[in-house]
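Data block below; observations after.
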Amino acid sequence: MAEIVIVADAEAAGDLAADAVLRRLSRATTPTWGVATGSTPLSTYRAIAARDHDLSGVRAFALDEYVGLPAGHPESYRAVLDRELVHPLGLNTEKVHVPDGSHEGLESAGERYEREIADAGGIEVQILGIGTDGHVGFNEPGSSLASRTRVKTLTEQTRQDNARFFDSPDDVPRHCVTQGLGTISRARHLILLAFGEGKAAAIAAAVEGPVTAAVPGSIIQLHPSVTVFVDEAAASRLAHADYYRHAYENKPRWQVL
Ligand code: F6R
């Protein structure tokens with residue numbers, strides 16, 4: 001079972017997730033970090049930045065990229081990661097991989113990205129957010145649980161959710177290149193974060209519902225090493241919240257990530 005950690009707010013989750021990420025990366029022979037974009041991971045990135053670790057040797061892999069945004073577009077995930085991750089945390093831009101969302105070569109973008117991950121020795125620790133429809137990466141409901149990096153069509157729900165980052169809802173791309181659920185599942189540790197009431201249903205379905213392509217986040221139930229950090233609002237629909245709190249309060253000291 002995933003470890004479910006219910007905390008007061010995103011800052012508290014960010015602190016704990018930062019500890020976990022840095023511990024994993026510092027122990028890894030090849031420090032490879034799977035990173036997410038969107039609002040959810042920001043408190044983790046801030047907490048890591050505040051610790052002033054040398055991360056210049058870390059190789060990072062984005063989960064996904066929009067298709068067709070011009071190079072340098074401020075909402076392309078390459079640009080977002082440069083702004084929110086690479087500069088504040090001192091990563092080396094050349095070691096930050098993002099799927100190629102340009103129209104040219106789109107057919108091979110997934111395969112090329114899979115090869116980059118494999119050549120780096122796989123991903124040691126993967127940060128995940130979750131969409132209100134249960135997506136992880138941009139694997140929308142119905143995505144194969146074994147899928148690899150490929151082009152996907154975004155749901156209208158996801159486009160609406162992400163419209164806040166664009167001047168107009170019409171500007172949100174319709175397609176993306178995303179790591180597959182099978183790709184994500186091969187990371188050696190997963191950290192899923194979710195905050196706010198709007199994520200409560202998705203979290204309950206991912207953590208306690210059936211494992212199903214209808215809820216892509218439910219792949220965490222098949223993974224041997226997962227931590228889920230949620231605030232009270234995102235945890236509000238978990239049937240076994242009391243048990244998760246009890247388990248965390250009584251966590252043996254030897255059982256650190
Ligand atoms: C982002 C990603 C998405 C987001 C999800 C939640 O790289 O892959 O799965 O994690 O859409 O987005 P936020 O965090 O903005 O609520």
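The values are calculated or read from the model by the stated rules, or taken from the named source; none is laboratory data. Small disclaimer: the values here were computed from a predicted structure and weren't measured. Here the Cβ is made from the backbone with ideal geometry for all residues, glycine too, and neighbour counts use every protein chain on show. Accessible surface is based on the protein model in full, side chains and every heavy atom, while ligands, DNA and RNA are left aside. Shrake-Rupley method; radii C 1.70, N 1.55, O 1.52, S 1.80 Å.
Restricting segment 45-75 to residues that are within 14 Å of the ligand (Cβ to nearest atom) and free of Cβ contacts under 8 Å to residues at least 40 places away in the same chain, the residue that is nearest to ASP170 (Cα to Cα) is ALA62.
The residues of segment 197-212 that are more than 15 Å from the ligand (Cβ to nearest atom) and among the charged types (D, E, K, R) amount to a single one, GLU208. Within segment 17-37, is there a residue that is more than 19 Å from LEU190 (Cβ to Cβ) and at pLDDT below 95? Within segment 17-37, one or more residues are more than 19 Å from LEU190 (Cβ to Cβ) and at pLDDT below 95. Taking the condition surrounded by 15 or more Cβ atoms within 10 Å (Cβ to Cβ) and either more than 14 Å from the chain's Cα centre (by Cα) or away from the ligand (no atom under 16 Å from the Cβ) (or both), does LEU42 pass? When the stated conditions are applied, LEU42 does not pass them. Among residues of segment 15-38 being in contact (Cβ under 8 Å) with a residue 40 or more places away in the chain, under 18 Å from LEU81 (Cβ atoms) and among the small types (Gly, Ala, Ser), the one that is surrounded by the fewest Cβ atoms within 10 Å (Cβ to Cβ) is GLY38.
Reported count of residues in segment 121-140, each being assigned to a loop (DSSP other than H, G, I, E, B), away from the ligand (no atom under 11 Å from the Cβ) and within 16 Å of the chain's Cα centre (by Cα), is 3.
Going by the conditions given, is ARG78 over 19 Å from HIS175 (Cβ atoms) and of a type in the set (D, E, K, R)? No, not satisfied. Of all residues in segment 68-80, those being surrounded by fewer than 21 Cβ atoms within 10 Å (Cβ to Cβ) and either of a type in the set (D, E, K, R) or in contact with a strand residue (DSSP E or B) (Cβ under 6 Å, 6 or more places away or on another chain) (or both) number 1. The single residue among ARG78, ARG115 that is closer than 23 Å to PRO31 by Cα and either more than 16 Å from the ligand (Cβ to nearest atom) or in contact with a helix residue (DSSP H, G or I) (Cβ under 7 Å, 6 or more places away or on another chain) (or both) turns out to be ARG115.
Within segment 163-196, the set of residues being farther than 26 Å from GLU111 by Cα, open to solvent by less than 40 Å² (accessible area, probe 1.4 Å), within 12 Å of the ligand (Cβ to nearest atom) and without any contact (Cβ under 8 Å) to a residue 60 or more places away in the chain comprises ALA163, GLY196.
Residues checked against (1) open to solvent by 20 Å² or more (accessible area, probe 1.4 Å); (2) closer than 21 Å to ALA18 by Cα; (3) in contact (Cβ under 8 Å) with a residue 24 or more places away in the chain:
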{"residue": "ASP82", "(1), (2), (3)": "yes, yes, no"}
{"residue": "HIS97", "(1), (2), (3)": "yes, yes, yes"}
{"residue": "TYR113", "(1), (2), (3)": "no, no, yes"}
{"residue": "ILE117", "(1), (2), (3)": "no, no, yes"}
{"residue": "GLY137", "(1), (2), (3)": "no, yes, yes"}
{"residue": "GLY142", "(1), (2), (3)": "yes, no, yes"}
{"residue": "LEU145", "(1), (2), (3)": "yes, no, yes"}
